[in-house]
Amino acid sequence: MPDRGTIRILIIDDDLEFADLLRMHLTGAGYAAEVAEDAVEGGKALLTRPPALVLCDIGMPYLNGLEFMSLMQADAQLATIPVVVVSGRNDSDTLARAVELGAADFLAKPITREQLLQTVEACLQAGGRRAAPPDYGFPPVV
């Protein structure tokens with residue numbers, strides 16, 4: 001894996017205090033992190049300078065996180081960028097839709113620094129693919 005300082009992570013969340021906390025944790029761990037306050041700004045940042053990883057909230061104005069992920073999946077180049085959903089919404093329908101849209105992982109708010117860094121590292125090492133299916137707390141659909 002390249003030097004952490006060259007690994008850019010885009011945080012998309014309309015809760016700017018929470019997003020800034022994530023940014024501080026990531027930059028403290030040596031990553032280059034940028035915050036976008038909604039999916040529209042996140043889309044602009046994504047197209048301007050594609051990151052290695054996106055951390056994305058679900059409930060945002062203008063364009064929610066699932067709609068944002070759907071747009072990313074429609075573009076072959078952007079679809080390769082891993083997305084970790086970071087949200088307070090953790091109902092089974094939301095989780096299933098996030099997985100369907102290719103989410104690399106899901107973190108339910110509130111999260112700890114350790115959870116954040118472990119998830120980011122695992123996703124980057126796996127190239128955005130899940131090393132093992134995440135445990136969302138409900139049985140898998142067969």
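The values are calculated or read from the model by the stated rules, or taken from the named source; none is laboratory data. Since the model is a prediction, treat every value here as computed from it, not as a measurement. FYI the Cβ positions are ideal-geometry reconstructions off the backbone, even for glycines, and counts take in every protein chain you see.
A few comments on the model shown:
Yes/no matrix, rows are residues, columns are (1) touching a strand residue (DSSP E or B) at 6+ places or on another chain (Cβ under 7 Å); (2) among the acidic types (D, E):
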{"position": "G5", "(1), (2)": "yes, no"}
{"position": "E17", "(1), (2)": "no, yes"}
{"position": "L21", "(1), (2)": "no, no"}
{"position": "A32", "(1), (2)": "yes, no"}
{"position": "L47", "(1), (2)": "no, no"}
{"position": "Y62", "(1), (2)": "no, no"}
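- Condition broken by E67, with the remaining ones in (1) assigned to a helix (DSSP H, G or I); (2) more than 14 Å from I12 (Cα to Cα); (3) among the charged types (D, E, K, R) satisfied: (2)
- The residue pairs whose first member lies in the range 16-40 and is at positive phi, whose second member is part of a loop (DSSP other than H, G, I, E, B), and whose beta carbons are closer than 9 Å, counting only pairs six or more residues apart or on different chains, are G30/D3; G30/I7.
- Scanning the range 84-131 for residues that are modelled with pLDDT of 90 or more, within 24 Å of L21 (Cα to Cα) and either part of a loop (DSSP other than H, G, I, E, B) or β-branched (V, I, T) (or both) turns up V84, V85, V86, A103, A104, K109, P110, I111, T112, T119, V120.
- Residues in the range 70-108 that are charged (D, E, K, R) and closer than 17 Å to D14 by Cβ: R89 only.
- Residue match in the range 76-83 (condition: under 16 Å from A19 (Cα atoms) and either at pLDDT 95 or above or part of a helix (DSSP H, G or I) (or both)): yes
- The single condition among (1) touching a Pro at 6+ places or on another chain (Cβ under 8 Å); (2) more than 17 Å from T119 (Cβ to Cβ); (3) part of a strand (DSSP E or B) that V35 does not meet is (1).
- Looking across the range 1-32, just one residue is aliphatic (A, V, I, L, M), part of a loop (DSSP other than H, G, I, E, B) and crowded, with 17+ Cβ neighbours inside 10 Å, and that is I7.
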